[in-house]
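Asker: Structure provided below as structure tokens; questions to follow.
The numbers here are math on the coordinates, done by the rules we state, and not lab data. Note that this is a predicted model, so its numbers are computed, not measured. Methodologically, a virtual Cβ is constructed for each residue, glycine included, from the backbone with ideal geometry; neighbour enumeration extends over all protein chains shown.
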């Protein structure tokens, strides 16, 4: 998972410098060490943000905010804990905050969805390829629908079902307990099922 | 295939879709069908299946610029407003207003209110002698048949 290619000129830092040492140096004001962390971890954070914010420009904006928060909090990182968990906690918190704000702004009515819109779900289940335009339309609609989920529910679902995290890993990232994550996942799946079933089925 | 096996497959399904066996099971099991539609919705709406996305080149530089802007906003004192011409005495004037002028204005307003109340009270209750004078001198009443 770790990216080793560092493109910008941080010649005084080895590519294999540990995240903990880089974070400590960044906290002490070493800009090169911070750049190193950004280069190393930005693809990971960006891909996670893309799970929640479909447009790359939105995902990049969120990623920038994540690293801004990381910069401010670098001094609070304790090297005993895995850096990735700490970073992903900042990232998921940032995504959650953004999702909350967006959820307040956007209220989509499922009944407004066109009658044949459920077709893309059935096609996705069968793995049938769709025309590019239709596929993009389906992704936009699906992303809009997922915005209706509670941000915490969505984060747990994405981490577990898309990123493949175990409940223990999700607990470590979100700062919760394993039991709480399992309960949350159960509720989130129920909400997701309800949402999916509210989409009009394909006319047969 | 039972529901437990179907759910396991559902968690793993990718762009190739579900196996025929799972689809057949979902067709007969409403709960697994709902689960399958939910899984499809989550995958479609969560960035598809592209795992190689990266931020645009120069991302680190943009982060640095963002940090510089944030640090500048935190460190820079608030710019003087155009309304007062950016003069420092604005603060002293505000303090003087708060300490002296504001209480004086409150006192003046209270006195004006009291005076208005007294005047209204005296005007609304005319003495009986005044009423008699009015009745006697009223030419309109006298002209009545």
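Asker: Which order results if B:3, B:107, A:95, B:32 are arranged by neighbouring Cβ count within 10 Å, fewest first? Present the calculation step by step, with values, prior to reporting the outcome.
Answerer: Details: B:3 13, B:107 10, A:95 26, B:32 22.
So the ranking, lowest neighbour count to highest, is B:107, B:3, B:32, A:95.
Asker: Moving on to the next point. Can you tell me the FRET efficiency between residue B:16 and residue A:197 if r is taken as the Cβ-Cβ distance and R0 is 25 Å, rounded to the nearest 0.05? Each step should come with its number before you reach the end.
Answerer: Values: r = 24 Å, r/R0 = 0.95.
Here the calculated transfer efficiency is 0.60.
Asker: On full extension of the chain, what length is gained from residue B:68 through residue B:123, given 0.36 nm per residue of separation minus the C-alpha to C-alpha distance?
Answerer: Details: separation 55, 0.36 × 55 = 19.80 nm, distance 6.97 nm.
Extra length from residue B:68 to residue B:123 when fully extended: 12.8 nm.
Asker: On full extension of the chain, what length is gained from residue A:58 through residue A:126, given 0.36 nm per residue of separation minus the C-alpha to C-alpha distance? Could you put the intermediate results ahead of the total?
Answerer: Working: separation 68, 0.36 × 68 = 24.48 nm, distance 3.03 nm.
Going from the current span to full extension adds 21.4 nm.
Asker: While we're on this one: Given a Förster radius of 45 Å and the C-beta distance between residue B:109 and residue A:176 as r, what FRET efficiency does 1/(1 + (r/R0)^6) yield to the nearest 0.05? Walk me through the numbers before you get to the answer.
Answerer: On the way: r = 58 Å, r/R0 = 1.29.
For R0 = 45 Å, the calculated efficiency reads 0.20.
Asker: Moving on to the next point. Given contacts defined as C-alpha pairs under 8 Å and at least six residues apart, what's the relative contact order of the stretch A:15-90, whole-number percent? Display every interim value, and only then the final one.
Answerer: On the way: 54 pairs, mean separation 26.3, N = 76.
Taking the mean separation of contacting Cα pairs over the length of the stretch A:15-90, I get 35 percent.
Asker: Given the Cα-Cα distance of residue A:140 and residue A:69 and 0.36 nm per residue of separation, how much length would full extension add, in nm? Before the final figure, lay out each step's value.
Answerer: Values: separation 71, 0.36 × 71 = 25.56 nm, distance 2.87 nm.
Roughly 22.7 nm would be gained on extension.
Asker: At what distance in angstrom do the alpha carbon centres of the stretch B:104-118 and the stretch A:60-75 lie from each other?
Answerer: 57 Å
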